[in-house]
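These notes are about the structure you will find just below.
The values are calculated or read from the model by the stated rules, or taken from the named source; none is laboratory data. In this text the structure is predicted, and so the values were computed from the model without any measurement. No Cβ is skipped: glycine too gets one built from the backbone with ideal geometry, and neighbour counts run over all protein chains shown.
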Amino acid sequence: MDKAISKLFSILLFISLLAFVETIVFKSGKNVEGQVIERIDRINVSEFAAKTTIQSIAYAIEIYTAVNNGVYPTKEEDLLNAKPSYIIRPFNNKNYEGYIFSLEFYPDGYKIIATPEQCGKIGNKIFIAKSKGIKYKAEELLDTILEESKNLVRSSYELTEKDCGEH
C-alpha cells in the first residue's frame, strides 16, 4: 500500500511539474510573411494554468479519498495538514494566475470552480470539476490516473468549462 501511495504522489508531482513547464513556455507562430513571432498569449496561459491546477486539486482529493478508505475530505485543511500534504498551498477563495478558486466539499464528493478575476482580460473560461462519486482503492487509483493521463479521459471526476460571460 505504501508503494502505491508513494507512486500516486510522484504522479501528482509530475502532473504539477508538467503544468508549470507548459505555463512558462513561449508559443511560436508565423505571420503571413513567414517571420517567426515569439509571444505569450496571457489568456491561454492563465486558462491553461487554471485548468491544470483544478485537475491537480481533483487528483489530490481523489488520492486522499483512496488512502482514507473512501472518505472524502471535509475541508481544504484536511488536504493541507495531512502528512505528507496532498496540496502545497491553500486554493479556496485565493487568486492563482488571475483565477479565483472555490473548493466545496460534500460527504459524497466535491466541486472545484476556477473563475477569471477579470473576464476577457485574464481568461474567457470558467472551469468546474465535480466528483462522479466513484471511489477507488489506492492501487486502483494509480492505474486509473496512468490510464487517464494517456487517454485524457477522466473517470473519477468531470471537468467542464463555460464562457465567463454566460453567468
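Please give the number of the condition Ser102 fails out of (1) touching a Phe, Trp or Tyr at 6+ places or on another chain (Cβ under 8 Å); (2) at pLDDT 85 or above.
(1)
Here's a check for you: in segment 61-78, which residue that is of a type in the set (A, V, I, L, M) and crowded, with 22+ Cβ neighbours inside 10 Å is farthest from Asn92 (Cα to Cα)? Write out each step before concluding.
First, pick out the residues of segment 61-78 that are of a type in the set (A, V, I, L, M): 61, 63, 66-67, 71.
Subset that is crowded, with 22+ Cβ neighbours inside 10 Å: 61, 63, 66.
Details: Ile61: 13, Ile63: 18, Ala66: 22 Å.
In this case the residue turns out to be Ala66.
Residues in segment 71-90 that are assigned to a loop (DSSP other than H, G, I, E, B) and farther than 19 Å from Glu158 by Cβ: how many?
Matching residues across segment 71-90 total 12.
Restricting attention to segment 97-112, and to residues there that are in contact (Cβ under 8 Å) with a residue 24 or more places away in the chain and in a strand (DSSP E or B), which single residue is farthest from Lys130 (Cα to Cα)?
Ranking the candidates gives Tyr99 first.
Starting from residues that are at pLDDT below 90, surrounded by fewer than 17 Cβ atoms within 10 Å (Cβ to Cβ) and of a type outside the set (S, T, N, Q), keep the ones in segment 108-129 and report whichever is farthest from Gly165 (Cα to Cα).
Asp108
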